[in-house]
1. Looking at the structure I just gave you, is residue 113 of a type outside the set (D, E, K, R), under 13 Å from the mean Cα position of the chain (by Cα) and within 21 Å of residue 44 (Cα to Cα)?
2. For the stretch 1-55, name all the residues that are part of a loop (DSSP other than H, G, I, E, B), in contact with an Asp or Glu (Cβ under 8 Å, 6 or more places away or on another chain) and modelled with pLDDT under 70.
3. Given the residues 62, 81, which is the only one that is without any contact (Cβ under 8 Å) to a residue 40 or more places away in the chain and either touching a strand residue (DSSP E or B) at 6+ places or on another chain (Cβ under 8 Å) or in a strand (DSSP E or B) (or both)?
4. Based on what the data block shows, is residue 43 closer than 20 Å to residue 101 by Cβ and in contact with a strand residue (DSSP E or B) (Cβ under 6 Å, 6 or more places away or on another chain)?
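The values are calculated or read from the model by the stated rules, or taken from the named source; none is laboratory data. Bear in mind that the values here come from a model prediction, so they are computed numbers and not experimental data. Positions of Cβ are generated from backbone atoms using ideal geometry, with glycine treated the same way; all protein chains shown enter the neighbour counts.
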Amino acid sequence: HVWTMITIMSLSDGSDVHQTSTLWETKGDNATVECNHTKGGDYIYMYWYRQLPGENMELIVSTTAGNDDHDFGKSSKEKFSATKPNAESGTLIVKNLEPGDQGLYFCAVSQHSDTDTCGS
């Protein structure tokens, strides 16, 4: 077997965001990473990032509770999928794992979309 290690970390100002810690998965399998928080029902936005060894952190997908049309930006929907059934939880799925998928995966939650703008 070829194993891929996925280490998951939380971006939070406290202990109120929780994720799966470390996954060891077989090449070709899918890895499902869960993220939950207790910051409240108005934190409806969840962002998933990853940082591969020696590279900068990159945004994989932006999700919104109750919306299945997630924003994958430049990320491949053939490689990633996500669920956001409610404000307090969400998942990221990394599909068809390769050794190059090994790295740090981060979850962040917010009350505001990264596309929100302030009125003048």
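1. On the way: of a type outside the set (D, E, K, R): yes; under 13 Å from the mean Cα position of the chain (by Cα): no; within 21 Å of residue 44 (Cα to Cα): yes.
No.
2. 20
3. Working: 62 fails: without any contact (Cβ under 8 Å) to a residue 40 or more places away in the chain.
Exactly one residue qualifies, and that residue is 81.
4. Working: closer than 20 Å to residue 101 by Cβ: no; in contact with a strand residue (DSSP E or B) (Cβ under 6 Å, 6 or more places away or on another chain): yes.
Taking the combined requirement at face value, the residue does not satisfy it.
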